[in-house]
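Here the structure is laid out as structure tokens; the discussion comes afterwards.
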Amino acid sequence: MKRRVVGVDVTSKSIRAVQMLHKTGQRSIVEKFIEYPLGVSSNDGELTPGQILGGQLKLAFAQAGFKTRDVVFGIGGPDVFVKEFETPDLPKGKLRKLLPELAKGELPMPLDEVVLDYYANRRDQPEGSAEAKLGGILVAASKKIIDLYMEASRVAKLNVLAIDLIPFALTRNLSRRSATPGVRAYVRAANAYINIIVTDGPAISFVRLVPWEHASLNMTPLSSDEDSEGAGIVLEFTDVHTSQITIADGADETQATVHRQAIKELDDTIRYFQRNHPDKAVEEILVSGIRLDNPAFMDMLKSGRDIKVTGVTRSGLGHKRSTVSTVDSSEIPDHLAVALSLAEAMAV
């Protein structure tokens, strides 16, 4: 059995797309990839945002010459809310129906504005209780962004296989490099956010998304010292599709400031995770992303730290030269890792 899938990562400036060929029992192959610059629309409100994006997707797919219309979109940043969450141990179908009721009071936005999902990663039997509990991650995705992608897909005549959470897709991709058990923290710069994900073996245990710009001013705290459970991981930031990244190619001091910020957010995340999971200790930190994976940052991260730190620069997937691409190299550029990870999610 074989299947072609295109992973699509829409940023503030471009559409990044990777076509992968999956064959049962074989290594997945990257066949084509493209970074297509988003044009500026001046239609004075005649077209909806979904129609505008659909037109851009149509042009990008035509230029790339993709051989499939099957796509996976990624969402992250301000378009999602993620939180550690516990539910009754119920069959998947029943739990999905009850999830809106269970999630009442847990979200910073009205329930009718989001699509809910739940990623269970453990089953607990509380002492003295006859009822088991499921522990995991509650995900609330903005209906607005999902509707945008669905409308754009109809305009571009694409078949949406899935809309995936970017941190989950990235972690599945990176975790291919280490199949051994243990607790790990994955850190990656993607678009305007630092993605920090803690895994316990193959299970994703914790997710945190940190904006690059003015993080100390915009970010809702993980928790207070008085409340070890915290308020969850709340994202209340500007729209990633209109924000501008101003620190990507700054001077050395600016880069050092960026590195210090990333390290602080990582350390805060690890402390928070271990305070709430005292039986688990992070054994390794895996780092990737065009802004993070460089000698200066790695040296800062390793300084005074007992935890193993590993740099990950490539996906480990096979690929061949792209026949159509607006990028400079036939290698898969690191900034296309989100699109590649989304395409990989549908491996047969």
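The values are calculated or read from the model by the stated rules, or taken from the named source; none is laboratory data. The structure displayed is predicted, hence computed values, not measured ones. Cβ sites come from the backbone with ideal geometry, for glycine too, and all protein chains shown count toward neighbours.
Just to be sure before I move on: is Lys58 among the basic types (Lys, Arg) and part of a helix (DSSP H, G or I) in the structure I sent?
yes
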Note: among Val160, Val155, just one is part of a strand (DSSP E or B) and modelled with pLDDT of 90 or more, namely Val160
Looking at region 89-97, is at least one residue within 30 Å of His277 (Cβ to Cβ), touching a helix residue (DSSP H, G or I) at 6+ places or on another chain (Cβ under 9 Å), part of a strand (DSSP E or B) and acidic (Asp, Glu)? no
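Report yes if Gly76 is modelled with pLDDT under 90 and closer than 15 Å to Ala347 by Cα, otherwise no.
No: the conditions fail for Gly76.
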Which pairs turn up if I take residues in region 16-37 that are closer than 17 Å to Gln56 by Cβ and look for partners that are of a type in the set (Gly, Ala, Ser) and modelled with pLDDT under 85 with beta carbon separation below 6 Å, at least 6 apart in sequence or on another chain? Phe33/Ser322; Phe33/Ser325; Ile34/Ser325
Give Val8, Val82 a once-over and let me know the one that is assigned to a strand (DSSP E or B), out of contact with any helix residue (DSSP H, G or I) (no Cβ under 7 Å at 6 or more places or on another chain) and of a type in the set (Val, Ile, Thr). Val82
Kindly indicate which of Gln56, Gln26, Gln19 is surrounded by fewer than 17 Cβ atoms within 10 Å (Cβ to Cβ) and either polar (S, T, N, Q) or closer than 24 Å to Leu170 by Cβ (or both). Gln26
